[in-house]
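Data block below; observations after.
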Amino acid sequence: MTEYVDTGRVKLACRTVAGPPGAVPMVLLHGGGGDGTSWDQLAPRFAQDRPVYVPDLRGMGASERSGPYGPTVFRDDLLALLDKLSLDRVVLVGHSLGGLVALLTTLAAPDRVAALVLEECPPPTPLGIPVPTDLPESAPFYDREIRPSVLAALNAPDPAWWDGLAGINVPVLVVAGGPDSFLPQDRMAEMAEQIPAGEFTTIPVGHVVHPNAPNSFADAVETFLAGR
């Protein structure tokens, strides 16, 4: 079921897949330029264990297209969505930009996060990704203004993001995509090492892990979350 949630900041499209009542809910966050439908194959499987919520980030998918944009804006949108849905504590699973949003949410509100899964999350260190200057007037799945704003933040992240890793007190699984990914795998592994309860695994299918290897990804997540 998809509903449009007015968070008080922005209207977000959010899909819900019912799961066992009383279990800690899961929120699945898509990557930049995509939308929550990237999780369509896995959301029902995860919902066997817990309720699942799949929002479209601001400016993407079916959510409202209104700036400003950037990782901290998406973080604050997510916290507002959790408040609106009365979700006190959740498991966050994020891919790429969605992983960074999940990480920043954990740093800002650790009491709201029971566990964290970061799939090919950009390490919060300068990445040197070229920022495009020639963009199409429109894009089918996202506001054209998102990309330069996000890439600028990835290339000059707040140093507090990396410094905060050592203070994360919830279990964290970092899932890397191996040598075919454009992200620095060594820095991703180092990111996991900085987190006291951090775990690291590689599923060597490139940057887009969960669509390319859904069963392997789901197995890794379910093993990590067993008993949590």
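The values are calculated or read from the model by the stated rules, or taken from the named source; none is laboratory data. Note that this is a predicted model, so its numbers are computed, not measured. Every residue, glycine as well, gets a Cβ built from its backbone with ideal geometry; the counts of neighbours run over all protein chains shown.
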Checklist (1) in contact with a helix residue (DSSP H, G or I) (Cβ under 9 Å, 6 or more places away or on another chain); (2) surrounded by fewer than 24 Cβ atoms within 10 Å (Cβ to Cβ) applied to residue 118, failing item:
(2)
Give 58, 75, 45, 65 a once-over and let me know the one that is over 22 Å from residue 156 (Cα atoms) and in contact with a helix residue (DSSP H, G or I) (Cβ under 7 Å, 6 or more places away or on another chain).
45
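Looking at residue 193, is it out of contact with any His (no Cβ under 8 Å at 6 or more places or on another chain), at pLDDT below 90 and among the charged types (D, E, K, R)?
On the way: out of contact with any His (no Cβ under 8 Å at 6 or more places or on another chain): yes; at pLDDT below 90: no; among the charged types (D, E, K, R): yes.
For residue 193, the condition - out of contact with any His (no Cβ under 8 Å at 6 or more places or on another chain), at pLDDT below 90 and among the charged types (D, E, K, R) - is not met.
I'd like the full set of residues that are of a type in the set (A, V, I, L, M, F, W, C) and closer than 14 Å to residue 102 by Cα, limited to the stretch 163-190. Full working, then the answer.
Initial filter on the stretch 163-190 (of a type in the set (A, V, I, L, M, F, W, C)): 165-166, 168, 170, 172-176, 182-183, 188-189.
Scanning the stretch 163-190 gives 165, 168, 170, 172, 173, 174, 175.
When the stretch 33-44 is examined, which residues are found to be crowded, with 24+ Cβ neighbours inside 10 Å and without any contact (Cβ under 8 Å) to a residue 60 or more places away in the chain? First the steps, then the outcome.
Initial filter on the stretch 33-44 (crowded, with 24+ Cβ neighbours inside 10 Å): 36, 39.
Answer for the stretch 33-44, where residues must be crowded, with 24+ Cβ neighbours inside 10 Å and without any contact (Cβ under 8 Å) to a residue 60 or more places away in the chain: just 36.
For residue 226, indicate whether it is surrounded by fewer than 16 Cβ atoms within 10 Å (Cβ to Cβ), on the phi < 0 side of the Ramachandran plot and modelled with pLDDT under 95.
Working: surrounded by fewer than 16 Cβ atoms within 10 Å (Cβ to Cβ): yes; on the phi < 0 side of the Ramachandran plot: yes; modelled with pLDDT under 95: yes.
Criteria met by residue 226.
Can you go through 178, 206 and tell me which one is modelled with pLDDT of 85 or more, touching a Pro at 6+ places or on another chain (Cβ under 6 Å) and not in a helix (DSSP H, G or I)? I'd like the intermediate steps shown before the answer.
Numbers: 206 fails: touching a Pro at 6+ places or on another chain (Cβ under 6 Å).
So the residue among 178, 206 that is modelled with pLDDT of 85 or more, touching a Pro at 6+ places or on another chain (Cβ under 6 Å) and not in a helix (DSSP H, G or I) is 178.
State which residue is farthest from the chain's Cα centre (by Cα) when the search covers only the stretch 181-203 and only residues that are part of a loop (DSSP other than H, G, I, E, B) and over 18 Å from residue 38 (Cβ atoms). Steps first, please.
Our first condition is that a residue be part of a loop (DSSP other than H, G, I, E, B); within the stretch 181-203, this holds for 181-184, 195-197, 203.
Imposing the further condition that a residue be over 18 Å from residue 38 (Cβ atoms) reduces the set to 184, 195-197.
Values: 184: 18, 195: 17, 196: 20, 197: 18 Å.
Applying the filter and picking the extreme gives 196.
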Starting from the stretch 45-69, take each residue that is on the phi < 0 side of the Ramachandran plot and at pLDDT 95 or above and list its partners that are assigned to a loop (DSSP other than H, G, I, E, B) and among the hydroxyl-bearing types (Ser, Thr, Tyr), counting only C-beta distances under 6 angstrom and pairs at least six apart or across chains.
56/63
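Please work out which residue is nearest to the chain's Cα centre (by Cα), limiting yourself to the stretch 115-144 and to residues that are modelled with pLDDT of 95 or more and either in a loop (DSSP other than H, G, I, E, B) or at positive phi (or both). Before the answer, list the steps.
Step one: list which residues in the stretch 115-144 are modelled with pLDDT of 95 or more, which gives 115-121.
Going one step further and asking which of them are either in a loop (DSSP other than H, G, I, E, B) or at positive phi (or both), we end up with 120-121.
Numbers: 120: 9, 121: 8 Å.
This residue is 121.
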With (1) modelled with pLDDT of 95 or more; (2) assigned to a helix (DSSP H, G or I); (3) under 17 Å from residue 71 (Cβ atoms) as the list, and residue 219 as the residue in question, which single condition is left unmet?
(3)
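Per-residue answers, yes or no, for (1) under 20 Å from residue 198 (Cβ atoms); (2) of a type in the set (Ser, Thr, Tyr):
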site: 53; (1), (2): no, yes
site: 63; (1), (2): no, yes
site: 66; (1), (2): no, yes
site: 74; (1), (2): no, no
site: 80; (1), (2): no, no
site: 90; (1), (2): yes, no
site: 99; (1), (2): yes, no
site: 121; (1), (2): yes, no
